[in-house]
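Take a look at the structure set out below.
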Amino acid sequence: MALIVFFRGINVGGHRTFRPSVLARELGAYDVVNVGAAGTLVVRKPGTRAKFLAELRRKLPFAAEVACCDGSDLRRLEMENPFGAEPSRPDVVRFVSILSKPGRGKASFPIAVPGNGEWFVRIIGSTNRLAFGVYRRHMKTIGYLGQIDELFGARATTRSWNTILSVLRILKACEPTTNGMSPTDGLLRDGHDDLLRQRAIAGRSRGTIAPG
């Protein structure tokens, strides 16, 4: 069963920087594919999770926070069509947050953040350790995304739905395509928004508008 690893808070504002694509090559024995510069790894042959994560941490240049889920969790989420009722809009980004542990209690969805006035983050639902929703492309959004931790009582690592779809394509692609291209060709751009969103954390105090 494939393991998906999501780094939190790397390559932000020139701090805690490294190249996930290089790390993926160093972990080649585990058949690792990197998606984007924000740090999303698809581990197709993880073996024992504890052993793989220990090897992963040994190769990192610094201590980093990671969230994990099984590939089957994302496949199941896709089958549930979580955004089916949500219209696609250019100023709104669909996202999935991976929680460090199952959320506490039962929530009534949707949850708008903030609760009064115009919302910037709207959580549509959650399943096990995956919460999903939409957020506006606005400089205030970063602060409100941070409130997901408090709402669920667990650390949340967020990726755009486009990045999750890229991960799903890799999971479904058992072999390279017939033209010799890797299943990951062209996927780096799908993770670009996640990196920009993380960098906006560092730039928020300077008035930087957070992209999707």
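Some notes on this structure:
- Listed by position, the strands (runs of 3 or more DSSP E) inside the stretch 1-48 whose residues that are touching an Asp or Glu at 6+ places or on another chain (Cβ under 9 Å) and under 16 Å from Ser160 (Cα atoms) number at least 1 are 3-8, 40-43.
- With respect to the conditions (1) within 20 Å of the chain's Cα centre (by Cα); (2) not assigned by TED's automatic domain parsing to the domain that holds Ile170, Ala107 falls short on a single one, namely (1).
- Scanning the stretch 127-159 for residues being buried (at least 19 other Cβ atoms within 10 Å of the Cβ), closer than 16 Å to Cys68 by Cα and not hydrophobic (A, V, I, L, M, F, W, C) gives a total of 4.
- Scanning the stretch 49-102 for residues that are part of a helix (DSSP H, G or I), surrounded by fewer than 15 Cβ atoms within 10 Å (Cβ to Cβ) and touching a strand residue (DSSP E or B) at 6+ places or on another chain (Cβ under 9 Å) yields a total of 3.
- Selected residue [at pLDDT 95 or above, in contact with a Pro (Cβ under 9 Å, 6 or more places away or on another chain), in the same structural domain as Ala154 (by TED's automatic domain parsing) and not polar (S, T, N, Q)] from Val93, Val35, Val113: Val93
The values are calculated or read from the model by the stated rules, or taken from the named source; none is laboratory data. Computed from a predicted model, the values in this text were never measured in an experiment. Counting neighbours? That spans all protein chains shown, and the Cβs are built from the backbone with ideal geometry, glycine included.
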